[in-house]
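Comments concern the structure below.
The values are calculated or read from the model by the stated rules, or taken from the named source; none is laboratory data. What you see is a predicted model, and the numbers here were worked out from it, not measured in a lab. Here the Cβ positions follow ideal geometry from the backbone for every residue, glycine too, while neighbour counts run over all protein chains shown.
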C-alpha cells in the first residue's frame, strides 16, 4: 500500500515497518484516536515514520495530530523518551556523510497565541534574571520555509541530516543552483526551495508537490530537463535564513498587532511557507536560554493550516500486504489539497468499505491538514461497494478475518513473497539496491526467498536483465550486508515474525542468545518483561515457521553483535535492576549515567512504576517522580549514594 516513493523515503532513512504493518500504519493514520491503544513500540515506530514521511514530501499525519495526539501520548507515557529530545532526521541523499560545521536543531512549535505568550513569558523571566529590560528587547519574525534544510559554509553544502551529521550535496551548486536574492555563499543555514508560481505554471503536471521536485534537485541522478530549466530560471534556489524578509519590534508591538504581523510575514515570499519563526535577538538572552537537544529555547515556530474537499470516488483498488491482508485504496478524482495533488486515499479495511458504502460513484469529504496522507473524513453519498472474492496478486480465494479480507496463500502469493523479501533488506538497513523494483524483477525470475537471493552471482543478475554494473553492485551489497556489523535483534526482526518488531526482538535477545530462540517455550518468553501470554503463543509459532530459512541464512556468516548480557554484567549489583534517573546530575550527564547503568546490566526507565527498583535523584528534582517513588515504595538514593553503590 505504500507508494514507491514512500518506500524509497523509508529506505533512504534506513527505516522499515518492523513493528507496524502497512495496514496498521494506515489504520492509525486514519484513526488518530487509536494513539492511546498503541503499544510503546508501535507508537515509537509510528512517530519515526510519520516524521520521515513528512520530510520526504509524503507526510502521513497533520502537524496538529503529530504534536497534540501522538507526541502528546509519548510525553504522557515517557516524558524523557529520546525521540522527544532529538532532531527529527531529514531523508538521506547520496553523498559523503560528514559532520556539520554547527548543530542544526529543529524548531519548537506552537499553534496558538496562548502558546506564543507562554514562550514570551519565559524570555521575560530570563531578562529579569539577567537584569535586562524586557520592554526594550527586539523580537524578529521570519517566514518558515517548507523546503529541504541545508547548511552552506561557503565551500560545502550539507543536508541537515540528524542535526549533527549530514550529507555533502555541494553538487547542487555545481549544477547551477543560485543563492536567493543574488546572495553570496557561506551564509549558513537555509533551505532549498522552488518558487510557488513557477511550480504551478511549469511543474504541477509532472510533480505531485514541491517537496518531490526539490528532492529531484538534490538527488545524485542526472537532472531532468524540468529541473535544469528551473535552476536556469532561478526559480529553484538555496535560500539562507539570513536573507529572509523579517519584521522586528518589541514584544508590546508584536502582541498588539499579532495577527497582522503573522499574516504579513507568512505571505511575503513566493515560496512554500508553513508558518513563521519568532525569536528574540539579544545574544545574552539566547546564550543564557540555550537549547535542548531538539530546539533552541529562544526561538519558536507558529503554524496553522487545514484543508478539505468533497471528492468523487472513481473506484476502490484491493492491494495485498506482506501479512496477506487486503487493503482497499480509494482511487479519487484528482484534487489539489494543501499544495499536493491527491488521487488516492486508504479506506483502511473492507469492513469499513462495506459499512460506509465506499465505491465507484461515492462522494466523500477528504481532509488533509498540513502535508498529510489524505483521510476519508466522511462519506456524503454512499454506494453499494464491490468486495473482492479473490486475491488480486495470486487469485487465492479470500477469507474474512475480523474486519479484514485475508489471502492465506503466504507461500506462493507474489505480493506476500516479494514484500517479505523486501522487508528483510529494509530491516537489515545495511545495504542498498534491494527495493521494490529489484525484488519484483527477482520474483519474475523465480527467486522466492532470501536464501536464493544470497546465492546469486553477478552473471545471474545479468541474465535476469540487470545491467553489468548494477549486477556487480548488487553482489557487493549482499556481501556488505553480511560483513557490516549489525545488532542480532535487527537480524531477527528482518524475518518478519508477527509481534517481533525491532523493540521486542531487542528485549528478547537481552535475555536469550539468538542461537537459542527456537528452543524457547511460551513460559520462557512470558518471563521477559513486556511479553504477554497471547504474544508468546504467536511468537513461538512464528519462530517455528521461520526456523528452516533462518538457519540457512544464519549459516552465511553475518557479522552480528550480541545483545545478551555478559557474565560480568549479570554479576554486578545493578544487574537486572530497573533504575530511573531524575534531576540535574553533578558528576556527569544523566545520559552518561544511563549508558553506564546499562553496561552494568541494569534496565533504565523514564517513569517511576511499581516495578522500579531505584530512583536516583540529582539537583532540582521535580515533585512528581519523588511522590510516585514514595507512594510505590521505591528506594530513593542521591547521586552521591548511587556513585558509592556502583563503586562497590
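Of note:
- Looking only at the range 333-342, and only at residues there that are over 18 Å from residue 201 (Cβ atoms) and either touching a helix residue (DSSP H, G or I) at 6+ places or on another chain (Cβ under 6 Å) or surrounded by 15 or more Cβ atoms within 10 Å (Cβ to Cβ) (or both), the one that is modelled with the highest pLDDT: 335
- Residue in the range 367-385 that is modelled with pLDDT of 85 or more, touching a helix residue (DSSP H, G or I) at 6+ places or on another chain (Cβ under 6 Å) and outside the structural domain of residue 49 (by TED's automatic domain parsing) present: yes
- Applying the condition of being touching a residue at least 24 places away in the same chain (Cβ under 8 Å) and part of a helix (DSSP H, G or I) to the range 516-534 and asking which residue is surrounded by the fewest Cβ atoms within 10 Å (Cβ to Cβ) yields 518.
- Residue that is within 25 Å of residue 211 (Cα to Cα) and either surrounded by 18 or more Cβ atoms within 10 Å (Cβ to Cβ) or in contact with a strand residue (DSSP E or B) (Cβ under 7 Å, 6 or more places away or on another chain) (or both), where the choices are 303, 312: 303
- Residue selected from the range 91-100 under the condition more than 9 Å from residue 167 (Cβ to Cβ) and crowded, with 16+ Cβ neighbours inside 10 Å, by the criterion modelled with the highest pLDDT: 100
- Considering the conditions (1) outside any strand (DSSP E or B); (2) under 27 Å from residue 336 (Cβ atoms); (3) in contact with a helix residue (DSSP H, G or I) (Cβ under 9 Å, 6 or more places away or on another chain); (4) in contact (Cβ under 8 Å) with a residue 40 or more places away in the chain, residue 226 is excluded by exactly one of them, (4).
- Boolean, residue 256 is in the same structural domain as residue 147 (by TED's automatic domain parsing) and under 26 Å from residue 104 (Cα atoms): no
- Residue count for the range 185-204 satisfying the condition of being at negative phi, over 26 Å from the mean Cα position of the chain (by Cα) and touching a residue at least 24 places away in the same chain (Cβ under 8 Å): 10.
- Listed by position, the strands (runs of 3 or more DSSP E) contained in the range 553-648 that have at least 3 residues being surrounded by 19 or more Cβ atoms within 10 Å (Cβ to Cβ), at pLDDT 85 or above and outside the structural domain of residue 517 (by TED's automatic domain parsing) are 578-582, 614-617.
- Condition check for residue 82: at pLDDT below 85 and within 13 Å of residue 44 (Cα to Cα): yes
- For the range 262-270, the condition holds for no residue, the condition being that it is surrounded by 16 or more Cβ atoms within 10 Å (Cβ to Cβ), closer than 19 Å to residue 108 by Cα and in contact with a helix residue (DSSP H, G or I) (Cβ under 6 Å, 6 or more places away or on another chain).
- Selection within the range 101-152 - assigned to a helix (DSSP H, G or I) and touching a strand residue (DSSP E or B) at 6+ places or on another chain (Cβ under 7 Å): 116, 119, 123
- In this structure, residue 479 does not satisfy being more than 28 Å from residue 18 (Cα to Cα) and either under 31 Å from the mean Cα position of the chain (by Cα) or modelled with pLDDT of 95 or more (or both).
- Qualifying residue in the range 161-172 (condition: touching a helix residue (DSSP H, G or I) at 6+ places or on another chain (Cβ under 8 Å) and not in a loop (DSSP other than H, G, I, E, B)): yes
- Helices (runs of 4 or more DSSP H) completely within the range 414-479 that count 2 or more residues being over 19 Å from residue 319 (Cβ atoms) and touching a residue at least 60 places away in the same chain (Cβ under 8 Å): 414-428, 450-454
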